[in-house]
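Working notes, structure below.
The values are calculated or read from the model by the stated rules, or taken from the named source; none is laboratory data. Just so you know, these numbers come straight off a predicted model, no measurement behind them. When we count neighbours, we look across all protein chains shown, and the Cβ atoms used for this are built from the backbone with ideal geometry, even at glycine. Heads up: the accessible areas ignore ligands, DNA and RNA and are worked out on the full protein's heavy atoms, side chains in. Shrake-Rupley method; radii C 1.70, N 1.55, O 1.52, S 1.80 Å.
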Amino acid sequence: MQKIVTETQQKQAVDALKRLVSKPSVHDDATVSETTPFGKGIDEALTEVLAIAKENGFTTYKDPNGNYGYAEIGSGDQTFGIIGHVDVVPTGDPNDWDHDPFDATIVDGHIYGRGTQDDKGPTMAAMFAVKALVDQGYHFNKKIRFIFGTDEETLWRDMKVYNKKEKPIDMGIAPDAEFPLIYAEKGLEQAYLVGPGQDDLAVDLQGAFNAVPAKAHYNGPELVAVKQALDNHHFQYENDGANGITVLGKSVHAMNAPAGTNAVLRLAIALDDVFPSKPLDFLGKLFKEDATGTNVLGNIEDKQSGHLTVNISSLKITPTETRMQLDMRIPVTVNRDDLIEKLKAAVAPYDLHYEAFDYLAPLYVPTDSHLVKTLMATYQDLTGDDTQPQISGGATYARTMHNCVAYGAMLPGTPDFMHQVNENWELQSMFKAMAIYAEAIKRLCVDDK
């Protein structure tokens, strides 16, 4: 098998990644405008990635309202899409980082910086894999279009605009997950359960929809009784002196909620033992700690993608309202509307009603499709790894496109630093991903020399 990617393209990819990391592309409401819908930093990153593409022979386009951009090369009646995103999550306290998160630094063969794994690094790996094919003299029989998203870490509004304005791709990949390949992604439902408030209890436990909360602080009335309830349930907590207590759990991504320990739920269960409240009864007497939702909805699963997962990650109680946020990962063949109606009926006796927030439809591309078979064969040929294609409760931009799957760029065993302090990617792993992308795109999109 001919080596396609050389040290030249590897160096170009690293240099481009450094440029892209230097743009602090975090959503910023303060700098939103008609042409920077998600903030100035994200727009600067979009401009930069398009400049990199143009310098390397791609034809580029930027949405006049700044929602997305794309870069094309090749020709033909069909379009092969490669969908990445230039926005990143916040860094947290920069003092917790060993290196400036927006000044990519190479140490011991790893490149450090926000976005190196998610998703600036994988996007550059794929782009310069295509550049390597061009440099080797291959002719593309399809248009290859890199689609650069700008709102992946929040509400995906960029792809909604893209799909309204642009012609659908014929097939494609999203380099924003793990190898070998993800062919099915569960539906993602995020919503609120809302009910009456309480005068005798104030709680404000906030967290991300997509994370099982690891801590829940309480310093309210009946503290001694709440501590006794926690002890009765054998729930772990820490005394914070005059500041109350902190219930302890284990944080995991919401798609893996059954593997975590939900501190908010544990505190709610204890509060339900002490305070009369129908919404708390829902958590303490019905839902409990069941992250599969079986206690509430019965057994919801399918052969294609496994079991429903449910995460309740916040609880706010005021005199006027009780509100909790809900994240559900729905098996790909389960009817979403039927599930929501069943949920509404289940929560109604607890004086709760359902408020929709966001929904992402599931992804399912059959494993016997030409796309999946070709991508899998490429991965196996280059790695010798016979791991089978995967199903995920996570969400990638692959689900926004026709006939598209998540393909890399993280290799099995690569430590996951996405969204974490000291995000980094081993350069040899990056270069291996480039080789896989180049060979896969050659098999799918080029004529013989």
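For residues in the range 155-176 being hydrophobic (A, V, I, L, M, F, W, C) and within 14 Å of the chain's Cα centre (by Cα), which is surrounded by the fewest Cβ atoms within 10 Å (Cβ to Cβ)? Step by step, filter the range 155-176, then rank; the result is L155.
The sole residue among L371, L375 that is touching a residue at least 12 places away in the same chain (Cβ under 8 Å) and either part of a strand (DSSP E or B) or in contact with a helix residue (DSSP H, G or I) (Cβ under 6 Å, 6 or more places away or on another chain) (or both) is L375.
Cβ-Cβ below 7 Å, separation at least six or inter-chain, first residue in the range 12-27 and crowded, with 20+ Cβ neighbours inside 10 Å, second modelled with pLDDT of 95 or more and polar (S, T, N, Q): which pairs? What qualifies is L17/T116; V21/T116.
A count restricted to the range 331-361 and to residues that are at pLDDT 95 or above, open to solvent by less than 70 Å² (accessible area, probe 1.4 Å) and in contact with a Pro (Cβ under 7 Å, 6 or more places away or on another chain) stands at 2. Within the range 238-271, the residues that satisfy the criterion of being free of Cβ contacts under 8 Å to residues at least 24 places away in the same chain and either touching a helix residue (DSSP H, G or I) at 6+ places or on another chain (Cβ under 9 Å) or aliphatic (A, V, I, L, M) (or both) are N239, A242, A259. Counting only residues that are part of a strand (DSSP E or B), open to solvent by 10 Å² or more (accessible area, probe 1.4 Å) and among the β-branched types (V, I, T), the range 47-100 holds 4 of them.
D200 meets the conditions (1) under 30 Å from V347 (Cα atoms); (2) in contact with a strand residue (DSSP E or B) (Cβ under 9 Å, 6 or more places away or on another chain); (3) not polar (S, T, N, Q) in every case but one. The failed one is (2). Every condition in (1) of a type outside the set (V, I, T); (2) at pLDDT below 95; (3) open to solvent by less than 70 Å² (accessible area, probe 1.4 Å); (4) within 30 Å of D93 (Cβ to Cβ) holds for G413 except the one numbered (3). Taken over the range 237-271, the criterion of being crowded, with 20+ Cβ neighbours inside 10 Å, farther than 27 Å from S305 by Cβ and of a type outside the set (V, I, T) is satisfied by Y237, A263, R266, L267, A268, A270, L271. For the range 177-189, a tally of residues being touching an Asp or Glu at 6+ places or on another chain (Cβ under 9 Å) and open to solvent by 20 Å² or more (accessible area, probe 1.4 Å) returns 1. Checking each residue in the range 119-144 for being open to solvent by 10 Å² or more (accessible area, probe 1.4 Å), in a loop (DSSP other than H, G, I, E, B) and not aromatic (F, W, Y) picks out Q136, G137, H139, N141, K142.
Does E222 meet the test of being free of Cβ contacts under 8 Å to residues at least 40 places away in the same chain and over 30 Å from H307 (Cα atoms)? Considered against the rule, which asks whether it is free of Cβ contacts under 8 Å to residues at least 40 places away in the same chain and over 30 Å from H307 (Cα atoms), E222 comes out as no. Number of residues in the range 416-449 that are open to solvent by less than 10 Å² (accessible area, probe 1.4 Å) and in a loop (DSSP other than H, G, I, E, B) equals 1.
Taking each residue of the range 393-414 that is on the phi > 0 side of the Ramachandran plot and looking for partners that are among the aromatic types (F, W, Y) and buried (at least 19 other Cβ atoms within 10 Å of the Cβ) with beta-carbon atoms closer than 9 Å, six or more apart or interchain, yields G408/F179; G408/Y379; G408/Y437. Annotation for the range 330-351: no member residue is among the aliphatic types (A, V, I, L, M), over 21 Å from T396 (Cα atoms) and under 22 Å from the mean Cα position of the chain (by Cα).
For the structure I just gave you, tell me whether A406 is of a type in the set (A, V, I, L, M, F, W, C) and open to solvent by less than 30 Å² (accessible area, probe 1.4 Å). In short, yes.
May I ask you to say which residue of S392, S369 is open to solvent by 10 Å² or more (accessible area, probe 1.4 Å), under 23 Å from G306 (Cα atoms) and modelled with pLDDT under 95? The match here is S392. Every residue in the range 34-55 that is in contact with a helix residue (DSSP H, G or I) (Cβ under 8 Å, 6 or more places away or on another chain) and not β-branched (V, I, T), please. P37, F38, G39, K40, G41, A45, E48, A53, listed by residue number.
If only residues of the range 145-154 that are among the β-branched types (V, I, T) and out of contact with any strand residue (DSSP E or B) (no Cβ under 6 Å at 6 or more places or on another chain) are counted, the one that is least open to solvent (accessible area, probe 1.4 Å) is T150.
Is the range 327-345 home to any residue that is in contact (Cβ under 8 Å) with a residue 12 or more places away in the chain, among the basic types (K, R) and assigned to a helix (DSSP H, G or I)?
First, pick out the residues of the range 327-345 that are in contact (Cβ under 8 Å) with a residue 12 or more places away in the chain: 327-334, 336, 339-340, 342-343.
Of the ones still in play, those that are also among the basic types (K, R) are 329, 336, 342.
Keeping just the survivors that are assigned to a helix (DSSP H, G or I) gives 336, 342.
Checked against the condition, which is being in contact (Cβ under 8 Å) with a residue 12 or more places away in the chain, among the basic types (K, R) and assigned to a helix (DSSP H, G or I), the range 327-345 yields at least one hit.
Checking each residue in the range 298-322 for being modelled with pLDDT of 95 or more and surrounded by 19 or more Cβ atoms within 10 Å (Cβ to Cβ) picks out I300, L308, T309, V310, N311, I312, S314, L315, I317, T322.
The set of residues from the range 101-124 being among the charged types (D, E, K, R) and without any contact (Cβ under 8 Å) to a residue 12 or more places away in the chain comprises just one member, D108.
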